[in-house]
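The values are calculated or read from the model by the stated rules, or taken from the named source; none is laboratory data. From a predicted model like this one, the values you see are computed outputs, not experimental measurements. For neighbour counting, all protein chains shown are included, and Cβ atoms are generated from backbone atoms with ideal geometry for every residue, glycine included. Remember, those area values only see protein heavy atoms, side chains included, never the ligands or the DNA or RNA. Shrake-Rupley method; radii C 1.70, N 1.55, O 1.52, S 1.80 Å.
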Amino acid sequence: MKKRWIITALTLLSVASAYAQDASSVRQWAATCASCHGTDGRSVGGIPPSLAGRPKSELVQTLLDFKSGKRPATIMHQLAKGYSDAQLEAVATYLSAQKPN
């Protein structure tokens with residue numbers, strides 16, 4: 001019984017550690033947006049637009065449109081191409097969860 005508890009505890013710890021690494025990775029990916037869109041997607045003065053608190057579906061679609069070239073851009077299409085669709089979705093999830101200005 002004790003052995004089973006130890007295995008369960010270790011499994012839970014490894015899952016928690018993986019989640020923490022994933023959350024840290026998403027924050028790092030979203031940090032690349034900060035130079036233009038502000039910390040945690042809160043731009044100063046609204047140009048470019050703030051991303052914090054916007055609907056996740058809107059952010060995902062916009063990022064995918066930049067990535068595919070469907071939406072023209074000066075730099076966003078290049079940035080979006082550097083991420084997988086899953087990474088873009090994770091960034092959109094993170095930014096949509098942030099409180100707007």
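With every protein chain kept in the model, how would you rank 65, 22 by accessible area, 1.4 Å probe, largest at the top?
Descending order: 22, 65.
What accessible area, in Å² to the nearest ten, does a 1.4 Å probe give for residue 94?
Ignoring ligands and nucleic acids, residue 94 comes out at about 50 Å².
Report the residues of region 21-57 in range of a label on residue 71: point 7 Å along Cα→C-beta, backbone N strictly under 13 Å from it.
The answer is 49-52, 54-57, whose backbone nitrogens lie closer than 13 Å to the label point.
Accessible surface of residue 71 in the full protein assembly, 1.4 angstrom probe, to the nearest 10 Å²?
110
To one decimal place, what Kirkwood hydrodynamic radius in Å is obtained for region 24-101 from all pairs of distinct Cα atoms?
So the Kirkwood estimate lands at 12.2 Å.
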